[in-house]
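See structure below.
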Amino acid sequence: MVASTAKAYVLAAVVTAAALDPRDLTRARTRVPRPAWKGSHFESMSVTLNGHLVKMFPHTRPCSEWTSEELQSFQAMLHGHAHDELNAIYAQVSDSRRLHLTSLDAYHEHWREANALLVHHPHLREMHRDGHCHEAVMWLVHHVPAQLQQTEFARTVVPMLSERRHRCDPKAEGGERELCQRYDSQVSCADCHSGTGIIVQDNDTAGVIPDDPAHPGLARQRRCDQNYVPACGPCEGIGGPYWGDGILEFQPTSCEVVALPKDVPEKERPSPQFAERFIVHQLGSDRLVRTQNAAKFALYSQIRSTMWYDFPLGGESSGTADEGMARLRHDTYYDDAPYKFLDNGLVSEIHLQSRAQREVNLTGPMISLIHSFIGWGKDAGGCTCLADPVGVPVLGGIVDVLKAPHTSFLQGADYMGRIKIGVEYDGYKLGDEGHGDMTKKRLMVVDHYVKWFLHLFMDADKKSPTYGQPVRFYGPYSGFAVYVKFDKTPPPAEVWDMLCVENGWGVPESKPIHNCTGVKLSSYPCMNVEKKSPEVCKPYEKPSGSGQSMEGDGVRGAFGSFFIPRESDLPPAVII
C-alpha cells in the first residue's frame with residue numbers, strides 16, 4: 001500500500017493542475033452543507049458522508065484497514081493534486097477547510113513529530129489514524145478538482161471516515177495533549193456536517209496583523225490567536241480596551257512573565273471556568289459587528305455591562321433547572337456618542353435554551369431590547385427576536401450536545417502561562433460615576449488561557465480575594481471586559497421576564513412616556529425576525545393580525561446580534 005501511494009505521489013508532482021469547473025467553485029463558496037450532507041451527530045455524519053463516498057469513488061476502504069503512515073502518504077498525493085484557487089477561496093474567508101501549513105515539507109515535518117509522539121503514547125494510535133482519515137477525505141473532496149476526482153481518484157483506493165468520535169482525558173498533558181489537539185483539528189468537518197448549530201472556524205493565520213517597525217511587538221499584543229505560527233507567548237494576544245481595528249487603536253497594558261506553562265503544574269492552575277450561576281458587572285469595549293477578523297465597517301463604544309448567567313449543572317450534563325434551561329442576559333450601556341443620548345445607550349439581550357432545544361439542535365431564542373425604541377410602536381424594533389447565533393455558552397462545566405461535549409474554555413483551550421499584568425480601570429467601584437479610566441491599572445498575577453481568538457485571564461494570586469475567578473476577557477474584534485464585581489449568586493427570576501430590571505449601575509429610568517419598569521417581557525409584543533427557525537421566537541412575537549412585520553437588517557456577529565429597523569418604518573418620535 002505504501003509503495004503504490006508513494007508512486008502515485010511522484011506522478012502527482014508532475015501533473016499539471018486540473019482546471020476548475022462550476023461544481024468546484026460552488027462547493028468551495030458554500031460554507032454550510034446541504035441537509036443531505038449532514039448528520040444529527042458525529043456518528044450519523046460519518047455514516048452519511050461514507051454513503052456519498054462509496055457513490056463518488058469506486059474503490060473505498062474502511063478507515064480501520066489503513067495505517068497512519070499509509071494515510072500520510074495518501075495525503076501527500078492529495079497535496080500534489082490540490083488546486084491553489086480553492087485554498088485561496090477558503091483562506092479569504094477564514095474557512096476551516098483551508099490548508100493550515102504552507103508547504104508539503106511542512107506537513108511531512110508535522111507528521112514526523114506526531115509519529116514520534118505516538119511511540120510514547122501507543123494507546124492513541126487508533127485516534128491518530130482516524131483523524132488522518134477525516135482530514136484526508138476533507139482534502140480529497142474540498143481541495144482536489146472534480147475532474148481529477150472522477151479520473152485519477154476513480155482508479156485509486158480512498159479511505160472512508162471513522163464513525164467513532166474519540167475523547168481525551170481533559171487533564172492530558174505533554175505529548176498526549178498535543179496528539180489530542182491535533183486530532184480535534186483534523187475532525188473539524190464535524191463542526192459543519194454534524195449539524196451542531198455552532199460552526200467553529202479555526203484560527204485565521206491570514207488575519208495576522210503585520211508588525212509595525214515603529215511599534216515592535218504591538219501587533220502580537222493586539223492579536224495573537226491559539227495556533228499562530230510562531231506560537232504566541234504568555235504576554236501576546238492580551239490586548240486591551242479598543243476603539244478601532246488598527247494596531248494603534250487600543251490601549252496596551254504592561255505584562256511580565258511570571259512562569260512559563262512547563263513551570264506551573266496543572267493542579268496549581270486555576271481552572272478556566274466561571275460559576276454555574278452568577279452576576280457580574282464589567283467595564284470594557286464593544287464592537288458591532290463582533291467577528292473574528294477586522295471588518296471594513298464596524299461600530300465601537302466603551303461600555304458598562306451587567307451579565308446574569310444561570311445554567312446549573314450539578315454534575316449533570318443535561319442541566320438541573322426546570323426543562324434543563326440555560327439562561328443569559330446582558331444589560332449594556334454604550335457610553336460613546338452617538339449612542340449615549342439614546343436612553344443612556346442601553347441595550348439588553350436575553351438568551352434562553354432548553355434541554356429539548358439542545359437535543360434537536362435548536363439554539364433557542366435571543367431577545368434583543370433597544371431601550372430607546374421600546375414603547376414607540378409594535379414594529380419600532382424596540383423588542384426583536386432571532387434564533388440565537390450560537391446558543392447559551394457553557395461557562396461553568398461541560399454539556400453534551402448531540403453526543404459531543406461543549407464547553408467554553410474547559411476543553412480545547414491552551415494554557416499560555418502565568419503573567420503579571422496591568423488590569424485596567426483600577427480604583428473603579430460599582431456605583432461610581434462615569435466609565436472609569438482605562439489608563440489606571442492594577443498589577444495582578446493571572447493565568448492566561450486562549451481558545452481560538454478568545455483570551456481569558458484567571459486570578460492566580462492565592463492572597464487575592466478574587467483568587468480562582470475570571471478577572472479579564474479579550475477578543476481582538478469581539479469584545480473586551482474587566483470584571484469589576486463578580487457575585488457567585490443565582491440571578492433573580494425577574495431578569496428573565498422583565499423588560500427593565502435593576503442592573504446595579506444606578507442609572508435612572510429614561511423613558512418617561514413609555515416607562516418599562518414592571519412591564520413583563522411576556523406581555524410585550526416583540527418582532528419575530530427569525531427566518532430559518534421562526535418557531536423559537538413564537539412565544540415572544542406580537543399578536544396575530546396586529547400589523548405587518550417591519551423590514552430591516554439583522555446585525556449578526558460571532559457572539560451576538562440585534563435587529564436594526566429601517567428608518568422609513570420608524571415613528572417620527574424616534575427617527576434620528
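Quick notes on this structure:
- Conditions (1) open to solvent by 40 Å² or more (accessible area, probe 1.4 Å); (2) touching a residue at least 40 places away in the same chain (Cβ under 8 Å); number of the one not met by ALA76: (1)
- Members of the range 324-374 that are at pLDDT 85 or above and on the phi > 0 side of the Ramachandran plot: GLY324, GLY345, GLY364
- Among (1) modelled with pLDDT under 90; (2) surrounded by fewer than 22 Cβ atoms within 10 Å (Cβ to Cβ); (3) within 24 Å of ALA326 (Cβ to Cβ); (4) not basic (Lys, Arg) - the single one PHE473 does not satisfy: (1)
- Hey, ALA558 modelled with pLDDT of 80 or more and over 19 Å from SER372 (Cα atoms) or not: no
- Selection of the range 20-68 for residues being within 22 Å of ILE89 (Cα to Cα), modelled with pLDDT under 75 and of a type in the set (Gly, Ala, Ser) yields an empty set.
- Once the range 82-95 is narrowed to residues that are under 19 Å from GLN186 (Cβ atoms) and open to solvent by 10 Å² or more (accessible area, probe 1.4 Å), the residue that is nearest to the chain's Cα centre (by Cα) is ALA91.
- Scope the range 126-166; condition within 30 Å of GLU268 (Cα to Cα) and surrounded by fewer than 19 Cβ atoms within 10 Å (Cβ to Cβ); matching residues: HIS166
- Any hit, the range 224-231, residues being over 21 Å from the mean Cα position of the chain (by Cα) and at positive phi: no
- Residue within the range 289-296 that is touching a Gly at 6+ places or on another chain (Cβ under 6 Å), crowded, with 17+ Cβ neighbours inside 10 Å, in contact (Cβ under 8 Å) with a residue 40 or more places away in the chain and not polar (S, T, N, Q) present: yes
- Considering only residues in the range 434-455 that are crowded, with 22+ Cβ neighbours inside 10 Å and within 18 Å of LEU395 (Cα to Cα), the one that is modelled with the lowest pLDDT turns out to be PHE453.
- Filter result (buried (at least 16 other Cβ atoms within 10 Å of the Cβ) and assigned to a loop (DSSP other than H, G, I, E, B)) within the range 39-73: GLY39, SER40, HIS41, PHE57, TRP66
- Extreme residue, modelled with the lowest pLDDT, among residues of the range 535-555 that are more than 13 Å from MET366 (Cβ to Cβ) and open to solvent by less than 50 Å² (accessible area, probe 1.4 Å): GLY547
- Flag if PHE480 is within 20 Å of ALA219 (Cα to Cα), modelled with pLDDT of 95 or more and either of a type in the set (Val, Ile, Thr) or open to solvent by 20 Å² or more (accessible area, probe 1.4 Å) (or both): no
- Residues of the range 208-224 include at least one that is open to solvent by 50 Å² or more (accessible area, probe 1.4 Å) and acidic (Asp, Glu).
- Evaluated against (1) out of contact with any Phe, Trp or Tyr (no Cβ under 7 Å at 6 or more places or on another chain); (2) surrounded by fewer than 20 Cβ atoms within 10 Å (Cβ to Cβ), LEU101 falls short on exactly one condition, (1).
- When restricted to residues that are farther than 28 Å from HIS330 by Cβ, open to solvent by 40 Å² or more (accessible area, probe 1.4 Å) and either touching a Pro at 6+ places or on another chain (Cβ under 6 Å) or part of a strand (DSSP E or B) (or both), the range 256-280 contains 3.
- Residue satisfying all of: in the range 281-300; assigned to a loop (DSSP other than H, G, I, E, B) and under 20 Å from the mean Cα position of the chain (by Cα); modelled with the highest pLDDT among these: ALA298
- Taken together, the residues in the range 167-190 that are open to solvent by 40 Å² or more (accessible area, probe 1.4 Å) and either assigned to a helix (DSSP H, G or I) or modelled with pLDDT of 85 or more (or both) amount to 8.
- Residue count, the range 328-340 (criterion: in contact with a Phe, Trp or Tyr (Cβ under 8 Å, 6 or more places away or on another chain) and open to solvent by 60 Å² or more (accessible area, probe 1.4 Å)): 1
- Residue check for LEU148: under 16 Å from LEU78 (Cα atoms), part of a helix (DSSP H, G or I) and modelled with pLDDT under 95: yes
- Residue check for HIS134: within 26 Å of ASP21 (Cβ to Cβ), touching a Lys or Arg at 6+ places or on another chain (Cβ under 9 Å), assigned to a helix (DSSP H, G or I) and not β-branched (Val, Ile, Thr): no
- Checked against the criteria, ALA106 counts as modelled with pLDDT under 95, open to solvent by 10 Å² or more (accessible area, probe 1.4 Å) and closer than 26 Å to HIS83 by Cβ.
The values are calculated or read from the model by the stated rules, or taken from the named source; none is laboratory data. Keep in mind that this is a model prediction, so the values were computed, not measured. When we count neighbours, we look across all protein chains shown, and the Cβ atoms used for this are built from the backbone with ideal geometry, even at glycine. Just the protein is used for accessible areas: all its heavy atoms, side chains included, with ligands, DNA and RNA removed. Shrake-Rupley method; radii C 1.70, N 1.55, O 1.52, S 1.80 Å.
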